[in-house]
Every structure is written in structure tokens, then in C-alpha cells.
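Undergrad: What follows is a structure written as C-alpha cells; I'll ask about it next.
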Amino acid sequence: MAFLLGSRISLARAACYMVAQLAGGIAGAATLYGVTPAEVQGSLGINTVRSNITSGQAVAVELILTFQLVLCYFASTDRHRNANSPATFIGISVALGHLIGIYFTGCSMNPARSFGPAVIVNKFTVHWIFWVGPMTGAILASLIYNVLLYPDLKSLSQRLAILKGTFDVEAEEMEEAKQNRQPVSLTNVIQRV
């Protein structure tokens, strides 16, 4: 959702990614259900809201956790930044999100993570929280990053072409990276030091 809103993928690709993630969540939960002995299956780690947390607070927790994860992802994978290891930063963001959120909501941060177990155990009591919070957080993070923090200067026609799938964003980024790459020479290395 955040990449779609940020004009980084087409509508068709976004729909395929969403369907694939939901199907993967169901397949993963079904596999876990199938290999786990009945006496310890429980609820397959379904996300729940603690009794001392209101629905609004749970939505806010999920919103904030997803917001910080998506913002971290955008910042650490931005082609204009010189991040050494985006995976490290994203991993730390996921770990911190879980350390903070697991107490309150089980820390979904992605509707697909909550959807799979909910389908397999057929329990959708507060499931809406794990759609509204993460989707809102992802949308806000995309807007803040792409509009306020690092404005994306694509024209409306470029954005529509990306949405339709007639403009290849990845090819453009690869070409730009190729053009910005400088050949490595001893002179360049000495100048940097």
C-alpha cells in the first residue's frame, strides 16, 4: 500500500503483492496448524488485544508500529541515500516494533500476518484493528516521507503511467544509479580519504 501510494509500483503489481501476502499468511498458518500437535495448537499466535487496552489504543499502537517500520524502510532504501546496510536498519525496526508492541496487540504490523491465523482458527473478533492500524500507518508514512521529508518530484503523467504499469520505476532507478556511478580509481580513493 505504501509503495502504491508513493508511486513506486503499479496498481496491478500492488494487487498481486497483497493477494500473495494474504495467501502466504494463510499457507503459513495452515502449515503451522498441520504440523503442531493438537494439545499445543492453541490459537496459532493470533493477534489479540489485551483486556486493559481499548480498541482505539490498539489501532494507535499498530498505526505507530507500522508507521515507524515503513518510514525506516523508505529512508534506508532510498536511492539518494548512502545507506550501508538497509537490512540491518529494517531488522532493528522490526525488532523494536515487536519488543514494544507484543505486549499490547501481539504486534501485527502487516495485515497478512494477522489474516492467516484468523482464517485457520476462524476467529475475527478484533481482526479489523490489524487492518486499520497498519494500513493507516503505512499510508501516513508514505505521505510523510514522499511529500514532506523527501518530496518526490514525479509529474502527474508519470504517476499515472506508474499506476497503470506503463512506466518501469525500477528500470529508471537502475539507469540513474548507473549514471551516478563513478569509476573507481586510485585518484578517487585518495581524494575521498
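Undergrad: Give me the pairs, please: first residue somewhere in region 72-89 and under 14 Å from residue 150 (Cβ atoms), second residue anywhere and modelled with pLDDT under 90 and surrounded by fewer than 11 Cβ atoms within 10 Å (Cβ to Cβ), beta-carbon distance under 8 Å, and either six or more positions apart or on two chains.
TA: 79/177
Undergrad: Are any residues in region 104-130 free of Cβ contacts under 8 Å to residues at least 60 places away in the same chain and hydrophobic (A, V, I, L, M, F, W, C), and if so, which ones?
TA: 104, 109, 124, 128 - these are the residues of region 104-130 that are free of Cβ contacts under 8 Å to residues at least 60 places away in the same chain and hydrophobic (A, V, I, L, M, F, W, C).
Undergrad: Still on this model: If residue 7 satisfies all but one of (1) farther than 24 Å from residue 129 by Cβ; (2) among the polar types (S, T, N, Q); (3) in a helix (DSSP H, G or I), what's the number of the condition it fails?
TA: (3)
Undergrad: Is it the case, given these coordinates, that residue 30 is out of contact with any Ser or Thr (no Cβ under 8 Å at 6 or more places or on another chain), surrounded by 15 or more Cβ atoms within 10 Å (Cβ to Cβ) and over 24 Å from residue 149 (Cα atoms)? Give the derivation first.
TA: Values: out of contact with any Ser or Thr (no Cβ under 8 Å at 6 or more places or on another chain): yes; surrounded by 15 or more Cβ atoms within 10 Å (Cβ to Cβ): yes; over 24 Å from residue 149 (Cα atoms): yes.
For residue 30, the condition - out of contact with any Ser or Thr (no Cβ under 8 Å at 6 or more places or on another chain), surrounded by 15 or more Cβ atoms within 10 Å (Cβ to Cβ) and over 24 Å from residue 149 (Cα atoms) - is met.
Undergrad: Right, something else. For region 11-19, check the following and say yes or no: at least one residue is surrounded by fewer than 19 Cβ atoms within 10 Å (Cβ to Cβ), hydroxyl-bearing (Ser, Thr, Tyr) and outside any helix (DSSP H, G or I). Steps first, please.
TA: Here is the first cut: in region 11-19, the residues surrounded by fewer than 19 Cβ atoms within 10 Å (Cβ to Cβ) are 11-19.
If we keep only those that are hydroxyl-bearing (Ser, Thr, Tyr) too, we end up with 17.
Filter again for outside any helix (DSSP H, G or I), leaving none.
For region 11-19, residues surrounded by fewer than 19 Cβ atoms within 10 Å (Cβ to Cβ), hydroxyl-bearing (Ser, Thr, Tyr) and outside any helix (DSSP H, G or I): absent.
Undergrad: Hey, among 125, 88, 136, which residue is among the hydroxyl-bearing types (Ser, Thr, Tyr), at negative phi, in a helix (DSSP H, G or I) and modelled with pLDDT under 95?
TA: Details: 125 fails: in a helix (DSSP H, G or I); 136 fails: modelled with pLDDT under 95.
Just one listed residue meets the conditions, 88.
Undergrad: Find the residue count for region 101-114, including only residues that are crowded, with 24+ Cβ neighbours inside 10 Å and not in a loop (DSSP other than H, G, I, E, B). Walk me through it before giving the result.
TA: Of all residues in region 101-114, those crowded, with 24+ Cβ neighbours inside 10 Å come to 105, 108-109, 111, 114.
Pick out the ones that are also not in a loop (DSSP other than H, G, I, E, B) and you get 111, 114.
Qualifying residue count, region 101-114: 2.
Undergrad: Across region 24-53, what is the total count of residues that are at pLDDT 90 or above and in a helix (DSSP H, G or I)?
TA: 12
The values are calculated or read from the model by the stated rules, or taken from the named source; none is laboratory data. Quantities reported herein were computed from a predicted structural model and do not represent experimental measurements. Please note: Cβ atoms are built from the backbone with ideal geometry, for glycine as well, and neighbour counts cover all protein chains shown.
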